[in-house]
Amino acid sequence: MNLPNQLTLLRILMVPALLVVSTFRLPMGDYIAAGVFILAACTDGLDGYIARRKQQITSLGKLLDPLADKLLISAALIALVELDRLSGWVAVLIVGREFAVTGLRSLAAAKGVILPASKLGKIKTITQIVAIVAMLLPDLSFNLVNINFANLAMGTAVFFTLWSGMDYFHKAGSLFKE
């Protein structure tokens, strides 16, 4: 069990903590939830960096890392819906895209094709993280030209979520020609 895989497992273990802290409406819960989420999100970039830099990429890491990412984002979105800070359709759209792209990658892998993470996918992840943090901290949200920053950030995340999903399917179009 190398350090990148330990960081990934830590991210998975932080998901229940995020759900408890965010949904039980504890004193300072919004700030603690945002802190847990930010820490977990940081482990995502860190585990990948260490794995590549120290050449510690493993089959377990290839399986767990995307699973941990999807669990973290999905749990945060579900918590935001529970807190009535996010419409359910937005959460379903984002989580649905993740399932669709995961299925596409599985289909590609079965055909011997690798679909690497794209720049759009990385932008999607960053915008989702920013939007979730903004929605976890409603007291710190501010207005830009009469538009709430958290809503603007989530709208941006939805845009990049859809765009990156369409990009993956466009690039993999040949997989569907049978």
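The values are calculated or read from the model by the stated rules, or taken from the named source; none is laboratory data. In this text, all values refer to a predicted model and were calculated from it rather than measured experimentally. Cβ atoms come from the backbone with ideal geometry, glycine included; neighbour counts cover every protein chain shown. We work out accessible area using only protein heavy atoms, side chains counted, and drop any ligands, DNA or RNA first. Shrake-Rupley method; radii C 1.70, N 1.55, O 1.52, S 1.80 Å.
Tabulated data for the structure shown
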read-out	value
Within the chain, longest stretch free of exposed trypsin sites (Lys or Arg not before Pro) [DSSP loop, at most 13 other beta carbons within 10 Å]	112-176
Dipole in debye (nearest 20) - the chain, about Cα centre, beta carbon charges: Lys, Arg +1; Asp, Glu -1	680
Accessible surface of region 19-64, 1.4 Å probe, proportion on carbon and sulfur as whole %	67
Estimated [θ] at 222 nm from DSSP helical runs (n ≥ 4, -39500 (n - 2.57)) normalised by residues in the chain, nearest 500	-26500 deg cm²/dmol
Cα-only Debye scattering, region 84-140: base-10 log of I(q)/I(0) at q = 0.16 Å⁻¹	-0.63
23 Å Cα-Cα threshold exceeded, pairs from K70/K119; K54/K111; K111/K171; K62/K171	K54/K111
Farthest positive-ward along the chain dipole, Cα basis, beta-carbon charges - from M154, V90, M166	M166
Radius of gyration and maximum dimension Dmax of the chain, Cα, Å	16.9, 57
DSSP-assigned coil residues among chymotrypsin sites (Phe, Trp or Tyr not before Pro) in region 70-172, each with at most 15 further Cβ atoms within 10 Å	F142
